[in-house]
1. Quick check on I30: is it aliphatic (A, V, I, L, M) and at pLDDT 85 or above?
2. Of everything in segment 103-133, what is closer than 11 Å to I328 by Cα and among the hydrophobic types (A, V, I, L, M, F, W, C)? Give them in sequence order.
3. Give just the number: which of (1) within 22 Å of I294 (Cβ to Cβ); (2) at pLDDT below 85; (3) not charged (D, E, K, R) does S205 not satisfy?
4. Of the residues I140, I133, only one is assigned to a helix (DSSP H, G or I) and either within 18 Å of the chain's Cα centre (by Cα) or in contact (Cβ under 8 Å) with a residue 60 or more places away in the chain (or both); which?
5. Do we find that A236 is modelled with pLDDT under 85, crowded, with 20+ Cβ neighbours inside 10 Å and over 13 Å from the mean Cα position of the chain (by Cα) in this structure?
6. Just need a number here: residues in segment 136-166 that are of a type in the set (G, A, S) and touching a Leu at 6+ places or on another chain (Cβ under 7 Å).
7. So the check is Cβ under 9 Å with 6+ separation or different chains; which pairs have a first residue in segment 214-227 that's of a type in the set (K, R) and a second one that's crowded, with 24+ Cβ neighbours inside 10 Å and not in a helix (DSSP H, G or I)?
8. Could you check segment 166-182 and list, in sequence order, the residues that are touching a residue at least 40 places away in the same chain (Cβ under 8 Å), part of a helix (DSSP H, G or I) and either closer than 27 Å to V153 by Cβ or among the aromatic types (F, W, Y) (or both)?
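The values are calculated or read from the model by the stated rules, or taken from the named source; none is laboratory data. Being a predicted model, the structure only gives us computed values, none of them experimental. Reconstructed Cβ throughout: ideal geometry from the backbone, glycine too, with neighbour counts over all protein chains shown.
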Amino acid sequence: MEFIKKNAPGILTCFIIAVPSWLLGKQFPIIGGAVIAIIAGMLITLVWQDKKSAAQGIKWTSKIVLQTAVVLLGFGMNLGVILETGKQSLPIIVCTIATSLIIATVLKRVMNIPANTATLVGVGSSICGGSAIAATAPVIDADDTEVAQSISVIFFFNVLAAIFFPMLGKALGFATGTGDVFGIFAGTAINDTSSVTAAAATWDSMWGLGSATLDKAVTVKLTRTLAIIPITMGLAAIRSGSKGKSSGNFSLKRAFPMFILYFILAAIITTVSISMGVNPELFQPLKELSKFFIIMAMAAIGLNSNVVKLIKSGGKPILLGGCCWIGITLVSLLMQHVMGIW
């Protein structure tokens, strides 16, 4: 009862935005319901800044509903395909992560950006946005202001990616018969899981691919998300080696995203069921529900994004985030070309 009291207004708000966004997305597939929901949320936030009782539910939707959507995508996916996709994308993931961290380190010195802010933006850009920032912040003793600013920067470029990457993929001539090329591109080049799913869902909608791109992109993104663990451990080791500093804040439980295990479990259930003769169409409603949950989560992300406030708060972190984002995008495209994927 307490949960309903705290979260119902925010969840209902996201649901109300998601329904027309979902319907409009079907009418205008080149834009997609997820992008429509983000933009709607951002526009509403311009006039509804003090969300009061709805704030808690909006935050819950942006995190838990999105993670639930990812887990539901696991149903209908073959475990062997997941492992093969992870293996295929690993070289690209390593290169994009290294690129972002190098850019953040160099620009921190060139632009005189505070070390914690540069680290959080670099890690958030290279791995998985807000989740990576949340896991890294205690390790480097970042304060609430640094965390909030870094997350805002990442969300800003997430929204841009969700809106413009499908257009970029079309302009670059990505294959439209399958979702493989764009799925790998979205999974390796977009910061946060939320915008990865939004962009992939839009690509599927544009070319009538069902959930092929979404499946590919999410698998790649979840493989990339696992990099939270070695990165935070490495930062903890570096901090402990610095004079007078401690790394006692590292937590494997906090760093490891548990919903990845549930996604794999869902794929195992599907793989075993299909091998026993279960019709794959049985899992289709769960995948459709997943797509709607993604649109709900995008509405929440939009409602939490105050672009005007972000732009006013500081240009250097935005410029740093932009440089990391562009660097990751270019390296992802280059590696796909070198590997013969695109």
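1. On the way: aliphatic (A, V, I, L, M): yes; at pLDDT 85 or above: no.
The answer is no for I30.
2. Residues of segment 103-133 that are closer than 11 Å to I328 by Cα, as a first pass: 103, 122, 125-127.
Selection gives I103, I127.
3. It fails just one condition, (2).
4. On the way: I140 fails: assigned to a helix (DSSP H, G or I).
After ruling out the rest, the residue left standing is I133.
5. On the way: modelled with pLDDT under 85: yes; crowded, with 20+ Cβ neighbours inside 10 Å: yes; over 13 Å from the mean Cα position of the chain (by Cα): yes.
Against the criterion (modelled with pLDDT under 85, crowded, with 20+ Cβ neighbours inside 10 Å and over 13 Å from the mean Cα position of the chain (by Cα)), A236 qualifies.
6. Within segment 136-166, the subset of a type in the set (G, A, S) is 137, 142, 148, 150, 152, 161-162.
So of that shortlist, the ones also touching a Leu at 6+ places or on another chain (Cβ under 7 Å) come out as 137, 142, 150, 152.
Count: 4.
7. These pairs meet every condition: K216/G179; K221/C128; K221/I190; K221/D192; R224/I127; R224/C128.
8. P166
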